[in-house]
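Asks: The structure under discussion is supplied below as structure tokens; questions concerning it will follow.
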Amino acid sequence: MNLFANPLTPLYGIVLVGLGPLFSTIVSIVFWIKGTPNAKYFAIGWIIGHLTSEVDLLRVLGMIPWIPGTVYLIPAAMISAIIFFSIAIIEQSREYREHADKDGLTGIANRRYFDAALSSEWNRHLRSRRSLAV
């Protein structure tokens with residue numbers, strides 16, 4: 001914020017700290033309501049991150065009293081956001097794997113799924129020494 005002249009600094013701060021987080025949170029909630037896959041994880045991550053950063057900003061500006069432990073708000077918010085974003089990525093990868101293993105028209109498992117299932121069953125056959133039939 002020191003890159004701008006003094007009259008612009010408060011305006012830049014309002015946009016950066018107020019409107020930016022509000023916009024990204026609203027967008028993620030709108031996508032969650034529309035039913036976009038995994039948008040709920042991003043919305044929760046954004047909400048936690050933005051709320052804690054706003055509380056920390058109010059603490060730094062002296063608008064709320066200093067409470068022991070508030071120093072750890074930002075690192076805790078970052079960790080929780082990383083966790084929620086990771087969950088969203090894992091869930092999306094699982095969904096992509098499901099789509100990759102099925103025929104788009106019939107919904108029947110394809111050759112890729114058959115090869116994976118055959119490999120798994122073959123390994124089970126080797127471990128258990130039982131017969132295997134296809």
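The values are calculated or read from the model by the stated rules, or taken from the named source; none is laboratory data. None of the values given here were measured: they were computed from a predicted structure. A quick note on method: Cβ atoms are made from the backbone with ideal geometry, for glycine too, and the neighbour counts reach across all protein chains shown. With ligands, DNA and RNA removed, areas are computed over all heavy atoms of the protein, side chains included. Shrake-Rupley method; radii C 1.70, N 1.55, O 1.52, S 1.80 Å.
Asks: In whole angstrom, how long is each semi-axis of the equivalent ellipsoid of the chain, when you take the square root of 5 times every eigenvalue of its Cα gyration tensor and sort them from largest down?
Replies: So the three semi-axes of the chain are 50, 19, 11 Å.
Asks: Oh, and also: How much accessible area per residue does the chain have, in Å², with a 1.4 Å probe?
Replies: Accessible area per residue: 77 Å².
Asks: Return a whole-number percent for the relative contact order of the chain, with Cα pairs under 8 Å and 6 or more residues apart as the contact set.
Replies: Over the chain, the number comes to 17 percent.
Asks: Under a Cβ-only charge scheme (Lys and Arg +1, Asp and Glu -1), can you give me the dipole magnitude of the chain about the Cα centre, in debye to the nearest 20?
Replies: 620 debye
Asks: Here's another thing I want to ask about it. If I compute solvent accessible area with a 1.4 Å probe over the protein chains, what percent of it on the chain is carbon and sulfur?
Replies: After summing per-atom areas, the C and S share lands at 70 percent.
Asks: Show me the helices of the chain, taken as full DSSP H stretches, that run 24 Å or more along their long axis by Cα and average 0.0 or above in Kyte-Doolittle hydropathy.
Replies: 39-60, 73-100
Asks: Right, next: Among residues other than PHE42 whose Cβ falls under 14 Å from its Cβ, what is the net charge (Lys/Arg +1, Asp/Glu -1)?
Replies: +1
Asks: Still on this structure: Run lengths n ≥ 4 of DSSP H only: what is the helix-derived mean residue ellipticity at 222 nm for the chain, with -39500 (n - 2.57) per run over all residues, to the nearest 500?
Replies: -22000 deg cm²/dmol
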